[in-house]
Every structure is written in structure tokens, then in C-alpha cells.
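Data first, discussion second: the structure below is written as C-alpha cells.
What follows draws every value from the coordinates through simple rules; no lab data is involved. In this text the structure is predicted, and so the values were computed from the model without any measurement. Ideal geometry is used to build each Cβ from the backbone, glycine not excepted, and the neighbour counts take in all protein chains shown.
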Amino acid sequence: MNARVLGVIGGSGVYEINGLQDAEWQTVDTPWGSPSDQILTGEINGVKMAFLPRHGRGHTLSPSTVPYRANIDALKRLGVSDLVSVSACGSFREEMAPGDFVIVDQFIDRTFAREKSFFGSGCVAHVSMAYPTCARLSKACFDVANDAGIPVHFGGTYLAMEGPQFSTLAESRMYRESWGADVIGMTNMPEAKLAREAEICYASVAMVTDYDSWHPEHGEVDVTEIIKVLTGNADKGRDLVRRLPEKLGSDLSACPHGCDRALDFAILTAPDKRDPDLSLKLDAILKRVLESA
């Protein structure tokens, strides 16, 4: 049985993991460029962990300039099998209040200025995104949040916008009333798509900071107020991450939902027709497929 490696991508306010043993910041090179920062590795309860601050330490990268492909590739090279995204979000639902967590299970991708796939001309592949998060890993995140006393909602649709500006009132109302979105953020796409292409189980923990701009009693988004809520959310987010290794355990079995086999029937380009330069860049992403061929 293989050993689990738990990856965490920390969003706004979550720049470290508490209680990490043998902690070391590692530089990981990828053919897609440099990731957002060095990756903090170590162990908790016998489970290997790898933590990457999505925006870099000090929050130097905007949502549109995060190197999503390099981030996922770097984590794949470190052997990450399960990846938890922790990120701030706005809420379209009264019951999903600031300070609550939402375990996202669906996405609407409205981003447009980002590279969204490892594949392309010379090696074409199409993975399924019908169920974009791993139900097993998501349930573990939900259970841990409950155990920690964190107000948490299981399931929700995340509207991924390009940013960096927040929504207009008209957009906020449309996303909430016509499109049925539950929360809104700027970073989970194309992250979730790339994790699926990399055959990594992915779960999204969205930490509510505000009501976007639709709420008649809260008005437009105020960054000052967001930061106040963000501080408390970050503490709860770090607590959730610290508890996850014990919940998941160190032994890794096959994902019952097939996240770790997403490429089995996805690649359409014949081996002898694949672009050799692109194939070299895909060495980490295609490693399992090539070894089993």
C-alpha cells in the first residue's frame, strides 16, 4: 500500500501550517515555471505534508498571476496524492455567514486570463469535470471542521471570477438568483481542473468573509471588514489542516471516485504523434500512465 502525501494550498491569510514536524522549505523546479513560493514540507501524525502559499508569502501574487500549472506540477513532483485548497470567498446565501466554512462540490468557471490545462496541441486530453472535487476527501474536511467546532456547510457551488475587482451589484444578483451559485472567489479555477489532470484528489474549503454585494444590509464589499473576518478564518483554517492527517491516516488506497485514474481514457493523441517537447513537460503529470502502458 502506498503512503499518503497530503498537500495544502493556502489562500489569503493562511501562509503556514501549525505543528509541522521536520519542517523545511523546499525549492521545486517545474517545466511550467516557478510555483508561487517554496513549498513547506514535513509530517503531522506520520502523514507527509506539503504546503504551498497560493499568493506567495507576503501575498505578492494576484489571482490572475498565480502560476497554477507550476503549483500543481510542483506538488505532483513531491508525491502529493490528496490536495486541500483553503481560500477566502464571498457568500450568496444568508445561511452561509461570514466566519462559516463551505465544502465546495461544484464550480462555475468565469475566469478568462489563465492557462487552464497541461495539455494542448501535440498531446490532446479531455478529463471529466462533472464532479470536480473528491467526495471522500471533501467528507474528511467536513468531518474535521465539525469536530473542531467550525460552522461548516457540506456542498455548494463556487463561482470563480477573474478579478481582481469584486462583483458589480448586477453581477452579484445574477450569480445568486439566476445562476444558483452559493459562494464566489477568484482562485479555485483552474486549480481544480489542473488537479484533476494531474490525478490528484482535490477538495475545496471556502472560508466565507463577506456577502459579496447582493445583501441589502451589508452593501458593497469592504476590504477592511474582510481582513477582520479573514484573521479569525485563518486560525480556523490552520486548525482544520492540522487535524486532517489524523483523520485521513498515512495509508493510501485507490480513490473510490477515480480521481487518481482520471487520465485512463482521457488522452486522445497517439503516442507516436505526441509532441516530444510537450511530452517532456508532462513527465510528472503522465508518469503513472506511461509506467502502466
For a Förster distance of 22 Å, can you work out the FRET efficiency between the beta-carbons of residue 275 and residue 117, rounded to the nearest 0.05? 0.95
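Quick one: 186, 174, 207, 96, fewest Cβ neighbours within 10 Å first, how do they rank? Don't skip to the answer; put the middle values down first.
Values: 186 25, 174 15, 207 29, 96 22.
Going from sparsest to densest Cβ surroundings: 174, 96, 186, 207.
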Top positive-direction residue, dipole computed over the chain with Cβ charges, set 268, 209, 63: 268
If exposed means chymotrypsin sites (Phe, Trp or Tyr not before Pro) lying in a DSSP loop and surrounded by at most 16 other beta carbons within 10 Å, then the longest stretch of the chain lacking such sites spans residues 1-111
Final fewest-first order of 269, 133 on the 10 Å Cβ neighbour count is 269, 133
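How much length is gained on full extension from residue 95 to residue 177, taking 0.36 nm per residue of separation minus their Cα-Cα distance?
28.0 nm
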For the charge dipole of the chain, defined by +1 on Lys and Arg C-beta atoms and -1 on Asp and Glu C-beta atoms about the Cα centroid, which residue among 278, 40, 90 has the Cα displaced farthest towards the positive pole? 278
Taking Cα pairs closer than 8 Å and at least 6 residues apart, the relative contact order of the chain in percent is 27
Using a simple spin-label model with points 7 Å from Cα along the Cα→Cβ vector, what separation in nm is obtained for residue 268 and residue 2? 2.7
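Assigning unit charges at the beta carbon (Lys, Arg +1; Asp, Glu -1) and nothing else, what dipole magnitude in debye, to the nearest 20, does the chain show about its Cα centre? Spell out each step's value before the answer.
Details: 29 positive and 40 negative charges, 126 e Å.
Its charge dipole is roughly 600 debye.
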Using the count of nearby Cβ atoms within 10 Å as a rough guide to exposure, how do 72, 227 rank from fewest to most? 227, 72
Please enumerate, by chain and number, the lysines with C-alpha under 23 Å from the C-alpha of residue 287, excluding those fewer than 8 residues away in the same chain. 48, 76, 116, 193, 273
Spin-label pair residue 59/residue 246, simplified geometry with 7 Å Cα→Cβ offset, distance in nm: 3.1
Quote the charge dipole size of the range 123-192 about the Cα centre in Debye, to the nearest 20; the model charges only the Cβ of Lys and Arg (+1) and of Asp and Glu (-1). 120
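Give, as a single signed number, the net charge of other residues whose beta carbon lies under 12 Å from the beta carbon of residue 189, with Lys and Arg counted +1 and Asp and Glu -1. Provide the component values of the computation, followed by the final result.
Numbers: positive: 110, 114, 116, 193, 196; negative: 109, 115, 162, 191.
The answer is +1.
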Using 1/(1 + (r/R0)^6) with R0 = 25 angstrom and r between the beta carbons of residue 254 and residue 18, what's the FRET efficiency to the nearest 0.05? 0.25
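How much of the calculated P(r) for the range 134-293 lies past 23 Å, in percent of all Cα pairs?
Working: 6828 of 12720 pairs.
That tail contains 54 percent of the Cα-Cα pairs.
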Calculated FRET efficiency for the pair residue 108/residue 143, C-beta based, R₀ 35 Å, to 0.05: 0.85
Rounded to the nearest 500, what is the chain's calculated 222 nm mean residue ellipticity when only DSSP H runs of at least 4 contribute -39500 (n - 2.57) each, over all residues? -7500 deg cm²/dmol
(i) 64, 53, 44; (ii) 60, 41, 34; (iii) 71, 53, 37: which one is Cα extents along the principal axes in Å as calculated from this entry? (ii)
